[in-house]
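Okay, here's the structure, questions in a sec.
The values are calculated or read from the model by the stated rules, or taken from the named source; none is laboratory data. Remember, predicted model here, so these are calculated numbers, not experimental data. Heads up, the Cβs are rebuilt from the backbone with ideal geometry, glycines too, and the neighbour counts pull from every protein chain shown.
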Amino acid sequence: MPRTRNSFSRWLRENSEHYLMIDAHERLARRYSGTRPPRRPHGAVELFWRRVFAPTYRALPWPLRHRVMRAMPGSHRRTWSPPPERRDPAV
C-alpha cells in the first residue's frame with residue numbers, strides 16, 4: 001500500500017524526533033564523563049540519520065527550521081486556539 005502524504009509526514013516526524021534525541025544523548029555523553037553513550041549506528045539508514053541528518057538539522061538557522069516545520073502537514077501546523085470568552089458567574 002503506498003504511503004499517503006500524512007503517513008509520510010508522520011514517519012518523517014517520528015524518525016526525526018527519534019534520531020535527534022539520540023544525537024542529544026550522544027552529545028551529553030561526550031560532555032559529561034561517566035555517562036554511557038548510545039550504541040554505535042548500525043547500517044546505512046542509521047548512519048544517514050545520525051551522521052548526516054542530525055548534524056545538518058542542528059546547523060540550520062532557526063528561521064529556516066521553522067519554515068520547514070510549518071510547511072509539513074501534521075501537528076506542527078496546529079495553532080493554539082483562542083482563550084474562551086469570559087462569562088459572568090452562573091446565578
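Going by what's in this entry, would PRO55 be described as closer than 22 Å to TRP11 by Cβ and either in contact with a Gly (Cβ under 7 Å, 6 or more places away or on another chain) or outside any helix (DSSP H, G or I) (or both)?
When the stated conditions are applied, PRO55 does not pass them.
Let me ask another. Being at pLDDT 90 or above and either among the aromatic types (Phe, Trp, Tyr) or under 19 Å from SER9 (Cβ atoms) (or both) is the requirement here; does TRP80 meet it?
no
Tell me the residue from ARG36, ARG50, ARG40 that is part of a helix (DSSP H, G or I) and either modelled with pLDDT of 80 or more or within 17 Å of LEU20 (Cβ to Cβ) (or both), please.
So the residue among ARG36, ARG50, ARG40 that is part of a helix (DSSP H, G or I) and either modelled with pLDDT of 80 or more or within 17 Å of LEU20 (Cβ to Cβ) (or both) is ARG50.
Residues checked against (1) surrounded by 10 or more Cβ atoms within 10 Å (Cβ to Cβ); (2) without any contact (Cβ under 8 Å) to a residue 40 or more places away in the chain; (3) touching an Asp or Glu at 6+ places or on another chain (Cβ under 9 Å):
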| position | (1), (2), (3) |
| --- | --- |
| PHE8 | yes, yes, no |
| ASP23 | yes, yes, no |
| LEU28 | yes, yes, no |
| GLY34 | no, yes, no |
| ALA54 | yes, yes, yes |
| TYR57 | yes, no, yes |
| HIS66 | yes, yes, no |
| ARG70 | no, yes, no |
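Would you check which residues across region 53-77 are modelled with pLDDT of 80 or more and among the hydroxyl-bearing types (Ser, Thr, Tyr) and list them?
Of everything in region 53-77, those that are modelled with pLDDT of 80 or more and among the hydroxyl-bearing types (Ser, Thr, Tyr) turn out to be THR56, TYR57.
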